[in-house]
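Here the structure comes first, spelled out in structure tokens, and everything after it is commentary.
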Amino acid sequence: MKQIIRTDKAPVAIGPYSQAVKVPCGTMLFCCGQIPLDPKTMEIVGTAANEQTKQVMENLGAVLKEAGADFSNVVKTTIFLSDMSDFSTVNEVYGSYFDHDPPARAAVQVARLPKDVKVQIEAIAMM
């Protein structure tokens with residue numbers, strides 16, 4: 001049976017999804033795509049890609065922590081960008097959250113993201 005992970009230290013779901021789902025035996029954690037919402041105010045943090053990416057990573061870190069994990073457990077991420085020209089800025093902030101052996105990753109530009117943010121990041125972690 002799957003375990004739904006919820007924390008008030010990351011934004012609540014704004015649609016029909018969970019912040020994260022841990023699969024049977026608790027070995028894999030699938031984290032939903034985080035956007036730069038302040039979990040207390042549910043308002044977008046920042047207008048620049050670097051500001052938004054920092055908040056996204058903080059939100060993702062809060063979900064990982066609630067599940068008993070951290071960034072060292074992450075094995076795969078997907079970065080969704082509204083503009084690929086923000087890639088290097090996002091990459092710099094994103095990379096600061098991984099001390100060594102970063103996860104596999106894909107980064108894609110999409111036509112539009114929820115609430116018209118610049119970046120959304122989802123993750124898969126091994127527990």
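Summary of computed values
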read-out: The chain: angle of helix 49-66 to the longest principal axis, Cα-based, in degrees nearest 10; value: 10 degrees
read-out: Student exercise, the chain dipole from Lys, Arg, Asp, Glu Cβ charges, in Debye to nearest 20; value: 440 debye
read-out: Cut-off 9 Å between beta-carbons: net charge of the residues surrounding A49, Lys and Arg +1, Asp and Glu -1; value: -2
read-out: Residues whose placed amide H lies under 5 Å from that of A107, excluding near-sequence neighbours; value: I79
read-out: Neighbourhood charge, 14 Å Cβ-Cβ cut-off, centred on L29 and excluding it, Lys, Arg +1 and Asp, Glu -1; value: +2
read-out: Diffusion coefficient, µm² s⁻¹, Stokes-Einstein with Kirkwood Rh over alpha-carbon pairs of the range 3-126 at 10 °C and 1.306 mPa s; value: 111 µm²/s
read-out: Among T89, T41, T78, residue whose mean-square fluctuation peaks in a GNM of the chain (springs only between Cα atoms under 10 Å); value: T41
read-out: Net charge contributed by nearby residues that have their C-beta within less than 14 Å of K115 (K/R +1, D/E -1); value: -1
read-out: Choice from V23, V63, V75 with maximal GNM fluctuation in the chain (Cα, 10 Å cutoff); value: V23
read-out: Unit charges at the beta carbon, dipole of the range 3-126: most positive-side option, P11, A69, V21; value: V21
read-out: Longest DSSP-loop-exposure-free segment, chymotrypsin sites (Phe, Trp or Tyr not before Pro), the chain, at most 15 other Cβ within 10 Å; value: 18-97
read-out: Relative contact order of the range 1-120, defined on C-alpha pairs under 8 angstrom at six or more residues apart (%); value: 26 percent
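Readers should treat all values here as calculations from the given coordinates under stated rules, not as data from a laboratory. Keep in mind that this is a model prediction, so the values were computed, not measured. With ideal geometry, Cβ positions are generated from the backbone for all residues, glycine too; neighbour counts draw on all protein chains shown.
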